[in-house]
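Below: the structure, in structure tokens.
The values are calculated or read from the model by the stated rules, or taken from the named source; none is laboratory data. The shown structure was predicted, so the numbers you read here are calculated from the model rather than taken from an experiment. Positions of Cβ are backbone-derived with ideal geometry, glycine not excepted, and every protein chain shown enters the neighbour counts. Each accessible area value is taken on the protein alone, full model and side chains, heavy atoms only, with ligands, DNA and RNA left out. Shrake-Rupley method; radii C 1.70, N 1.55, O 1.52, S 1.80 Å.
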Amino acid sequence: MTLKSMKPLTRAPLLHVSVQESLRAYIDDNGLAPGTLLPAEGELATQLGVSRNSLREGIKALESLGVLETRRGVGIFVKAFSFEPLLDNLAYGLGGALRQIEEVLEIRRTLEVGLISKTIDVIGEEDIAELRATVNRMRAHAERGETFAEDDQLFHRLLFRCQDNETLVRLIDVFWLAFYKASDFVNLENLDPMATWRDHAAIVDAIEARDLEEARRRLDRHYEGIARVIANNKTSSNVGGTHEKTV
């Protein structure tokens, strides 16, 4: 008779991992809002039945994830949700791998080109005016040979603000910032800020004219330009650096 093998034992989670899970559950079960002060360390440790050291390990891990915030001499607070820990880890994980940066770019490109039609339908004169003002600031920087990362990020956010979709605007920010931060690892510098300004100006022109096909074409062309910057960096294999990007 052939006996079946025993299944390997499942290893119990590390104590500090269990502490993290319990703290998350405590926050969720009690509906604690950002800024809420948690009980003192001693009380939390007693409730969990763990040492203060184990509790502190779990708290530090949740701080790195942006869930908790420790204020020295005050206490432990629930932290407001932020994409920053995700973005920092994503950018670090991409490191110098241009292939992964290309993949982030492709997500940005697909998201924006695919959703620009609704913007054409609903955008108002006030948003168009803000886009135009942003583009004018880009031109002023470009003519001085300066980069304009903040205005570039604002431009892409403004394109979709009119859709009243907070999740979409956050995603736009996530992929813009992920690309921006990751490209910094490989010195992905825009060598032609005037061309970048012209790309953005042409997109606004198409939106103001309510020309969907032209808006899509101009957005696509803009991303083709960024792809060429990546290709040039691949050729030169220039890794490292901390230049500001305008993409």
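When we screen Val135, Val174 for residues that are more than 17 Å from the chain's Cα centre (by Cα) and open to solvent by less than 30 Å² (accessible area, probe 1.4 Å), the only hit is Val135. Residue selection: Ile120 satisfies the criterion of being more than 18 Å from Arg198 (Cα to Cα), assigned to a helix (DSSP H, G or I) and open to solvent by 10 Å² or more (accessible area, probe 1.4 Å). Checking each residue of the stretch 22-32 against the condition of being assigned to a loop (DSSP other than H, G, I, E, B), in contact with a Phe, Trp or Tyr (Cβ under 9 Å, 6 or more places away or on another chain) and at pLDDT 85 or above gives at least one match.
Of all residues in the stretch 125-146, those being touching a residue at least 40 places away in the same chain (Cβ under 8 Å), among the hydrophobic types (A, V, I, L, M, F, W, C) and under 12 Å from Glu208 (Cα atoms) number 2.
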